[in-house]
1. Among the helices (runs of 4 or more DSSP H) confined wholly to segment A:30-148, which include 1 or more residues that are crowded, with 21+ Cβ neighbours inside 10 Å and of a type in the set (Gly, Ala, Ser)?
2. Quick check on my filter: what residues within segment A:496-516 are surrounded by 14 or more Cβ atoms within 10 Å (Cβ to Cβ) and free of Cβ contacts under 8 Å to residues at least 24 places away in the same chain?
3. For the condition more than 11 Å from DNA strand B (Cβ to nearest atom) and either at pLDDT below 95 or under 29 Å from A:THR130 (Cβ atoms) (or both), what is the one hit in A:ALA641, A:ALA650?
4. Select, from A:PRO182, A:PRO149, the only residue that is away from DNA strand C (no atom under 16 Å from the Cβ) and either in contact with a Ser or Thr (Cβ under 6 Å, 6 or more places away or on another chain) or over 18 Å from A:GLU633 (Cβ atoms) (or both).
5. Are any residues in segment A:153-167 within 15 Å of DNA strand B (Cβ to nearest atom) and in a loop (DSSP other than H, G, I, E, B), and if so, which ones?
6. Kindly establish whether A:ARG465 is touching an Asp or Glu at 6+ places or on another chain (Cβ under 6 Å), away from DNA strand C (no atom under 15 Å from the Cβ) and either in a helix (DSSP H, G or I) or hydroxyl-bearing (Ser, Thr, Tyr) (or both).
7. Looking at segment A:238-246, is at least one residue touching a Cys at 6+ places or on another chain (Cβ under 7 Å), crowded, with 20+ Cβ neighbours inside 10 Å, modelled with pLDDT of 90 or more and under 23 Å from A:LEU166 (Cβ atoms)?
Amino acid sequence: MDMDVAQIPMHPLPPHHPDTSEAQQAFDDLPPMKTQTPGGLDVHDILAGLTQPQAEAVQHTEGPLLVLAGPGSGKTRVITRRMAYLISCGIPAWQIMALTFTNKAAAEMRERVVHLLGPGVVGRGLTVTTFHALCARLLRKFAEIAKLPGLTATFAIYDSDDQMALVKKALEELNLSTQNFPPRSVLSQISNAKNELLGPEEFATQAFDFQGRQIAKVYTAYQRSLRAANAVDFDDLLLLTAQMLRTSPEVRESCRRRWQYLMIDEYQDTNRAQFRIASLLAGSDDGVAPVDHAAVPISRGGNSGGRKTRNICVVGDPDQSIYGWRGADIENILQFEKHFPSAKVIALGENFRSTKHIIAAADALIRNNVKRKAKDLFTSNAQGAKPEIVICRDEHHEARLVVDWIKEIRSDGLAWKDFAVFYRTNALSRVVEEALRNDGIPYAIARGTAFYQREEIKHAVAYLRVVANPADEVSLLRIVNTPARGIGDTTLERVKQLAIERDTRVMDALRAAGDALKLAPRTGQSISKFVAMLDDWTGIHAEGMLRAPAADGSLAELVERIIRESGLEEMYRAAGETEAERLDNLAELVSSAREFEENYDPASDPAGDAPLNPDEIPVHEPSLLELLRGYLERITLVSDADSVDPDQGAVTLMTLHAAKGLEFQGVAMIGLEENLLPHARVQENPSELEEERRLCFVGVTRAMKRLLITSSRYRTIRGITERTMESRFLHELPKQHVTMSDQGGFSEPGWDDDAPRRPTSRLASAPGDGPRFVPDGAQVRSGRPVINAPKDIRGTPLSVGMLVRHPQFGLGRIGNISSGADARAQIQFRDVGTKTIVLAYARLERVEG
DNA sequence: CCAGTCGCTATTTTT
DNA sequence: TAGCGACTGG
């Protein structure tokens, strides 16, 4: 309502191509073919192919700008072109900053800008990075000036596992039971407090009940441990930066002078701390009061030639705000014009991704939300196929249906990678996986366990972290007896006690333990061997080799050496076949270190230590220690190195949350049931319903051409089968834009699980295979006939006497196979004896011979 | 000190 | 159902 209407663009525009999707648009963001003038780029090239509102957003460079970018509306394109446009207007690249939430988004943007600008120096110093990486840099840079309490510039960054360890430690210290104070929930409350910019003291003043006061104590203790380890957590990065910008005018001015143009992607996902940071950078002196562009004085920056600062451009979509539970505050985007009263608002409603029926369905769905900024979704793409809603019987039926649907559509010339299956909770993936595996369809799960989350990597990294920061207690405790070296819990308890008595680090207590504690000789020896090993790495006795300038390859060497000498390698080698992959991963870690050091160049990294004053030139030979710290920071801040890469030629399975920002030709959304989507939590917290609807909206709008939505009458969750209710969202999809088919099995004849079926087809009747559901919905789960012969991971039918490989147990021969819904087989394994295996779950592989 | 077993709990997870 | 933490016996 209070949006400005798009104006006629200043530059004539070539006709746009509304049928290009985001993916295709990436191609026309290629470097301009025309010659560049020395001062900049050809403006026509930068604006080429943009729609009118897109071009307007690109050209609105002065003053606050809100771009409401619907799904598939060319958002990234607008941001990248806008950066190029600014540069073409003569703004030095180093004065421009774009902030994203994910490394992936930052990398993609950076790449596209580089393409637009072409090779050369015009883009030098451009800052495209994540909020967290920016904050880490600023905090290190200004640690001295801002006098960060308890922290030095070499602070470590703790990830969520480390945080959990600290919370547990704090609970133990305070004698609070994990029964009454589940660490997960305590941690999330602490995290929420930090996101709201509440330190332990502020939190305590707001805690009125017993529970709250206890948690305030935990928060205090937690924070104390963090600082004792010279560490910050993810939330601290934001909180401390916000505080620093507020309390230190010097830091604030320095940053403002540098970044005259600020862009923020996915603004709907910002939390209060991020909002505060943005406001402070954009000109508010307290980060709270509205920033009125008109009222803001001329920049004090010497080289800005009197140009006004406070050029903040935020891009986002309130309808895709799905991280409220993590502290994201949708109000930040809804209230942008209150916070920045002179703001210009441009809506990008045109969708270039999906066909008309899909867009119409999504639009109707999201219109049920009240907390939003109304914007019309439309597309000039083809009408396309209607999204298909299918009610099925149970999760197995559902999975079967999804697989058949994918197979059928693929035959129209699509690849496996063009498909994705979305679900609300990870637990739902299993049955779909099973069905895909059964049919030999390649699939990949965008899983939470990324490379750096794996056990063996976390161990190795913990060693590195202790070397880089001996104060890192969490990491020290992780490695002190891994691999087992005879320093057990009882010993450790005494060492920790000693550390408390003497008020020293655990590391120092360990050094002193031999003298101070009456230890068994063997234990004492174990400890001194461990300490000597660490000293050897840090080179304490060899003139501090870590401090010397790093030689080529020395970081990788160090990593390799630590993996070997710590005994980790030996530990996994001894574990045999089953742990072989871990050894590969450790080798991979060494190469990632090598890669990091080869590419390490603080001066050229846009997120790196580019000069805050333009004439300050960083010339500096990094020491091995600095290199190591840089590497550690990178791997904790870039945890998704191997996460979602949809181009692997496989169907992608992921949660709805993980789907944001992606697109697929064909999408299947499963589990559209009350208490699943919307999630059961909505019962207790009705205010969360709209976020659930947005989640659904995000899912629907990922689909380019085909969309299948399923809901299952019965679903087994956590071993309990329950009658379900169709999701209310199903009924919010307009009848004229979707097809609905009920295959839920009421009064249906039985079906033959082997017969491939289209979702819309009727069920074939199988004689002697009576109805398994009675009309009143009473549950009859028994006797579900299994017609499928048990198969291995490649789909080879399994039978008695076959030689197979099990991922855990290794080689074995099949004894007898039972029949029934969950057929089991007795398998005689070569190494581990005879076991009974449920065939549907085991990932057996047939071995010839 | 370690490995196996019991019982409890249970979304989503950009950094 | 499964993953994790606490407990127990070798």
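1. Output list reads A:52-59, A:75-88, A:103-117, A:131-146.
2. Within segment A:496-516, A:LYS496, A:LEU498, A:ALA499, A:THR504, A:ASP508, A:ALA509, A:ARG511, A:ALA512, A:ALA513, A:GLY514, A:ALA516 meet the criteria.
3. Only one candidate qualifies: A:ALA650.
4. A:PRO149
5. A:PHE155, A:ASP159
6. Values: touching an Asp or Glu at 6+ places or on another chain (Cβ under 6 Å): yes; away from DNA strand C (no atom under 15 Å from the Cβ): yes; either in a helix (DSSP H, G or I) or hydroxyl-bearing (Ser, Thr, Tyr) (or both): yes.
It is true that A:ARG465 is touching an Asp or Glu at 6+ places or on another chain (Cβ under 6 Å), away from DNA strand C (no atom under 15 Å from the Cβ) and either in a helix (DSSP H, G or I) or hydroxyl-bearing (Ser, Thr, Tyr) (or both).
7. Yes - at least one qualifying residue is present in segment A:238-246.
Residues checked against (1) in contact (Cβ under 8 Å) with a residue 40 or more places away in the chain; (2) within 14 Å of DNA strand B (Cβ to nearest atom):
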{"site": "A:GLU408", "(1), (2)": "yes, no"}
{"site": "A:ARG430", "(1), (2)": "no, yes"}
{"site": "A:PRO442", "(1), (2)": "yes, no"}
{"site": "A:VAL461", "(1), (2)": "yes, no"}
{"site": "A:LEU464", "(1), (2)": "yes, no"}
{"site": "A:ASN469", "(1), (2)": "yes, no"}
{"site": "A:GLU473", "(1), (2)": "yes, no"}
{"site": "A:PRO483", "(1), (2)": "yes, yes"}
{"site": "A:ARG494", "(1), (2)": "no, yes"}
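The values are calculated or read from the model by the stated rules, or taken from the named source; none is laboratory data. From a predicted model like this one, the values you see are computed outputs, not experimental measurements. Heads up, the Cβs are rebuilt from the backbone with ideal geometry, glycines too, and the neighbour counts pull from every protein chain shown.
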